[in-house]
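What follows is one structure encoded as structure tokens, with my remarks underneath.
The values are calculated or read from the model by the stated rules, or taken from the named source; none is laboratory data. Just so you know, these numbers come straight off a predicted model, no measurement behind them. Neighbour counts are summed over all protein chains in view; Cβ atoms, including those assigned to glycine, are modelled from backbone coordinates with ideal geometry. These accessible areas exclude ligands, DNA and RNA; they are computed on the full protein's heavy atoms, side chains included. Shrake-Rupley method; radii C 1.70, N 1.55, O 1.52, S 1.80 Å.
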Amino acid sequence: MSSPLAIDLGTTHTRISRREHVLIQRFPSAVAINSRTGDPIAIGKEALPMLGRTPAGVRACHPLQDSVVADYDLAVMMLHTFFKQAQAIGFLQRPTVVASIPHGITEVERRALEDVMRDAGARNVHLIPHAIAAAYGAGLNISSPRGSMIVDIGGGTTKAAVLCYDGVVSARTGRVAGDEFDRAIISHLRAAYGLIIGEQSANAIKHRIGTAHPAIDRGTIQVSGRSVQNGLAITAEISSADVAQALRKPILRIIQLMRAALEAAPPELSSDVFATGPVLCGESALLPGLSKVIANGIGMRVTTAAECGDCVVKGLQKAIDEGK
């Protein structure tokens, strides 16, 4: 019998790990279907480039939003494909799945997550709080009485939590993360340059020259799009300073989210966090200068976990290995 699967169900990426596999497998959480028949056209890596580019009659989307099920049938279809690609299901083979669950999820949303994974091929499903898994994966000691803070900045949401004694003391979740960074870039270029671009172009700008801190110069790139005035094709030279300016507001919202989680925790635990500093993880935490800007805004030292995009799935695997 194979060992349990550890699964981090993200808005933009799903990560799967199994003890006997050395590598963590990453799959884009995207599906494209024929909108008339409902038949799948592409799933995962093949569907990702179709987001925002589909012709009439084709629907491309993320079946999971904020780590909960947004489209049940598409989520089942997508996860079943990922299980097959991970060689986790087959004839008489149905794995046990250990997945993370967002803080504040409703009982209905919890059951939907469990049912999706069972319908996709899982035999049993066990859920672990997302913040606990992220903290394990980031290497935090959350079993002690001292408080610690983990901040997961993913694709769809940012989750900030204060923890101690292997439990979540206070947590806040907000829809401000990588996708909101992309939308902020789109809005800035429209206002500053009269340039209309899509989310995939904004994402490419973010990865090529993106920075959270204006003092970090990552150069410039030529960006093509549509003119606000006449709808014709135009090109503008965009700098990393433009990206830093665009991201000021969403980063401020992340800081406010962290403050809210700290204010909801007992003063003693908040004091512990101020002494050690929050730890950032998640696929969007690697944005250059982000930890420095957050540290300046919140008034304490902030560090970024190693391999921060994989912290949750690594934490889940650690929980499996230690029988937690």
Margin query: If Ile216 satisfies all but one of (1) open to solvent by 50 Å² or more (accessible area, probe 1.4 Å); (2) in contact with a His (Cβ under 6 Å, 6 or more places away or on another chain), what's the number of the condition it fails?
Written below: (2)
Notebook entry, point to check: Applying the selection to segment 65-88, what residues are modelled with pLDDT under 90 and hydrophobic (A, V, I, L, M, F, W, C)?
Noted result: Val68, Ala86, Ala88
Note to self: I'm told His207 meets every condition in (1) farther than 26 Å from Phe82 by Cα; (2) open to solvent by 40 Å² or more (accessible area, probe 1.4 Å); (3) within 21 Å of the chain's Cα centre (by Cα) except one. Can you identify the failing condition by its number?
What the structure shows: (1)
Next item on the list: Determine whether segment 94-113 contains at least one residue that is outside any strand (DSSP E or B), within 21 Å of Leu269 (Cα to Cα) and without any contact (Cβ under 8 Å) to a residue 24 or more places away in the chain.
Entry: no
Next item on the list: With respect to Ala131, determine if the residue is buried (at least 19 other Cβ atoms within 10 Å of the Cβ) and under 18 Å from the mean Cα position of the chain (by Cα).
Entry: yes
Check: Among the residues of segment 308-324, which ones are in contact with a Lys or Arg (Cβ under 7 Å, 6 or more places away or on another chain) and surrounded by fewer than 17 Cβ atoms within 10 Å (Cβ to Cβ)?
Finding: Asp321
Check: When you go through Asn203, Asn230 one by one, which is the residue that is assigned to a helix (DSSP H, G or I) and modelled with pLDDT under 95?
Finding: Asn203
Note to self: Conditions first: (1) aliphatic (A, V, I, L, M); (2) buried (at least 21 other Cβ atoms within 10 Å of the Cβ); (3) over 21 Å from Arg53 (Cα atoms). Ala191 passes all but one, so which condition is the exception?
What the structure shows: (2)
Next item on the list: Consider Ile186 carefully, then state whether it is closer than 26 Å to Glu307 by Cβ, in a helix (DSSP H, G or I) and β-branched (Val, Ile, Thr).
Entry: no
Next item on the list: Sort through Ile221, Ile216, Ile254 and tell me the only one that's in contact with a helix residue (DSSP H, G or I) (Cβ under 9 Å, 6 or more places away or on another chain), assigned to a loop (DSSP other than H, G, I, E, B), β-branched (Val, Ile, Thr) and under 24 Å from Arg183 (Cβ atoms).
Entry: Ile216
Checklist line | Subset of segment 220-266 [more than 29 Å from the chain's Cα centre (by Cα) and open to solvent by less than 100 Å² (accessible area, probe 1.4 Å)] | finding: Ser227, Val228, Asn230, Gly231, Ala233, Ile234, Thr235, Ala236
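One line per residue, one yes/no per condition, for (1) within 20 Å of the chain's Cα centre (by Cα); (2) open to solvent by less than 60 Å² (accessible area, probe 1.4 Å); (3) among the hydroxyl-bearing types (Ser, Thr, Tyr):
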| site | (1), (2), (3) |
| --- | --- |
| Ile16 | yes, yes, no |
| Phe27 | yes, yes, no |
| Lys45 | yes, no, no |
| Arg53 | no, no, no |
| Gln65 | yes, no, no |
Note to self: I'm trying to understand the selection: among the residues of segment 231-254, which are in contact (Cβ under 8 Å) with a residue 24 or more places away in the chain and not small (Gly, Ala, Ser)?
What the structure shows: Ile234, Ile238, Asp242, Val243, Gln245, Leu247, Lys249, Pro250, Ile251, Leu252, Arg253, Ile254
Next item on the list: Answer yes if at least one residue in segment 69-88 is under 22 Å from Arg172 (Cβ atoms), open to solvent by less than 10 Å² (accessible area, probe 1.4 Å) and not in a helix (DSSP H, G or I), and no otherwise.
Entry: no
Check: Across segment 47-70, what is the number of residues that are of a type outside the set (A, V, I, L, M, F, W, C) and in contact (Cβ under 8 Å) with a residue 40 or more places away in the chain?
Finding: 7
Margin query: I'm trying to understand the selection: among the residues of segment 275-290, which are surrounded by fewer than 23 Cβ atoms within 10 Å (Cβ to Cβ) and either touching a Leu at 6+ places or on another chain (Cβ under 8 Å) or among the β-branched types (Val, Ile, Thr) (or both)?
Written below: Thr276
Check: Which of the residues spanning segment 291-305 are touching a residue at least 60 places away in the same chain (Cβ under 8 Å) and open to solvent by 40 Å² or more (accessible area, probe 1.4 Å)?
Finding: Lys292
Note to self: Can you pull out every residue in segment 189-200 that is touching a residue at least 40 places away in the same chain (Cβ under 8 Å), in contact with a helix residue (DSSP H, G or I) (Cβ under 8 Å, 6 or more places away or on another chain) and not in a helix (DSSP H, G or I)?
What the structure shows: Leu195, Gly198
